[in-house]
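Everything below concerns the one structure shown next.
The values are calculated or read from the model by the stated rules, or taken from the named source; none is laboratory data. These figures come from a predicted structure and were not determined experimentally. Neighbour counts are summed over all protein chains in view; Cβ atoms, including those assigned to glycine, are modelled from backbone coordinates with ideal geometry. What goes into the accessible areas is simple: the full protein's heavy atoms, side chains included, and nothing from ligands, DNA or RNA. Shrake-Rupley method; radii C 1.70, N 1.55, O 1.52, S 1.80 Å.
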Amino acid sequence: MEAQFWLERWREGRTHFHQERVTPLLQKYWPQLALPAGSTVLVPLCGKSLDMLWLAQQGHRVLGVELSELAITQFFSENQLTPAIHESAQGRHYVAGNIELVCGDIFLLEDATLAACAGAYDRAALIALPPQMRARYVAEIYGRLPAQARSLLITLEYDQQKMDGPPFSVAEEEVQRLYTPHSEAVAIDRRDILEKEPKFLERGLTALDTVVYRLQREG
């Protein structure tokens, strides 16, 4: 994934991947993870997702990581939050209440930062990455979460010969291959969402599934 590609999309307002609502599948399945209130949840490639507000409302500390500073500043301004800002080797940190967004490269997260996360929520990261980057992402991020970390992953599946990503199609077989060395990955929901996603119909797709996985780090 070229950083410039995403930065340009945010600058040009080509952010159709941003949802103006909390993801219903997050609300339905997050409680299954039973993460304690106060625990830190990592949200990789977070954009300005409203899902982070919902996670914070459940009593979690939210740690989002995003390349685009524009996305981060929009998140805080659109939600009437005033962040404190500081710098570290990991990037520029914006903090308001129990939400902290880091403007930087997710691969620069330190071991201690990931070790402090009880789990992760990924609706936008894995499917945004081209195939050659996915293995590194899973190994370097999920491979450094603490034992028993519990996460929720949401993917898309479609015929990539009819449309190229991002967002990319990531088949269940690939999810199992990527995550099994680090976490148990259990598919807990699969549904056809093409009728609700006209922009994908316009691009020529005839089927589009979203799949929800519950991930648990090996103990």
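So, for region 131-204, what is the accessible surface per residue at a probe of 1.4 Å, expressed in square angstrom?
I get 52 Å² per residue for region 131-204.
What does the C-alpha gyration tensor say about the overall shape of region 33-156? Classify as rounded when a/c is under 1.5, otherwise prolate if a/b is larger than b/c, or oblate.
Cα axes put region 33-156 in the rounded bin.
Might you tell me the accessible area per residue for region 24-85, computed with a 1.4 Å probe and given in Å²?
So region 24-85 comes to 41 Å² accessible per residue, rounded to a whole number.
At 1.4 Å probe size, with the rest of the protein present, what percent of the exposed accessible area of the chain is carbon and sulfur atoms?
In the chain, the share of accessible area belonging to carbon and sulfur is 51 percent.
Once Rh is set to the Kirkwood radius over Cα pairs, what Stokes-Einstein translational diffusion coefficient, in µm²/s, holds for region 117-172 at a temperature of 4 °C and a viscosity of 1.567 mPa s?
The estimated diffusion coefficient comes to 107 µm²/s.
Just to be sure I follow the definition: excluding the sites themselves, where is the longest run in the chain that has none of the GluC sites (Glu not before Pro) in a DSSP loop with at most 16 other Cβ atoms within 10 Å?
With GluC sites (Glu not before Pro) excluded where exposed in loops, the chain gives 111-217 as its longest stretch.
If you take every residue apart from Glu173 with its C-beta less than 14 Å away from the C-beta of Glu173, what net charge results, scoring Lys and Arg +1 and Asp and Glu -1?
-1
What net charge do the residues around Gln32 carry, taking every other residue with its C-beta under 14 Å from that of Gln32, with Lys and Arg at +1 and Asp and Glu at -1?
Net local charge, Gln32 excluded: +1.
Nearest-5 percent of antiparallel DSSP beta bridges in the chain?
65
Classify region 56-123 as rounded, prolate or oblate, taking a ≥ b ≥ c as the square roots of the eigenvalues of its Cα gyration tensor: rounded when a/c is under 1.5, otherwise prolate if a/b is larger than b/c and oblate if not.
oblate
Using a ≥ b ≥ c from the Cα gyration tensor of region 141-219 (square roots of the eigenvalues), is it rounded, prolate or oblate, where a/c under 1.5 gives rounded and otherwise the larger of a/b and b/c decides, a/b for prolate?
Prolate, since a/c reaches 1.5 and a/b exceeds b/c.
Report the semi-axes of the equivalent ellipsoid for region 64-219 in whole Å, largest first, where each axis is √(5λ) for an eigenvalue λ of the Cα gyration tensor.
28, 21, 14
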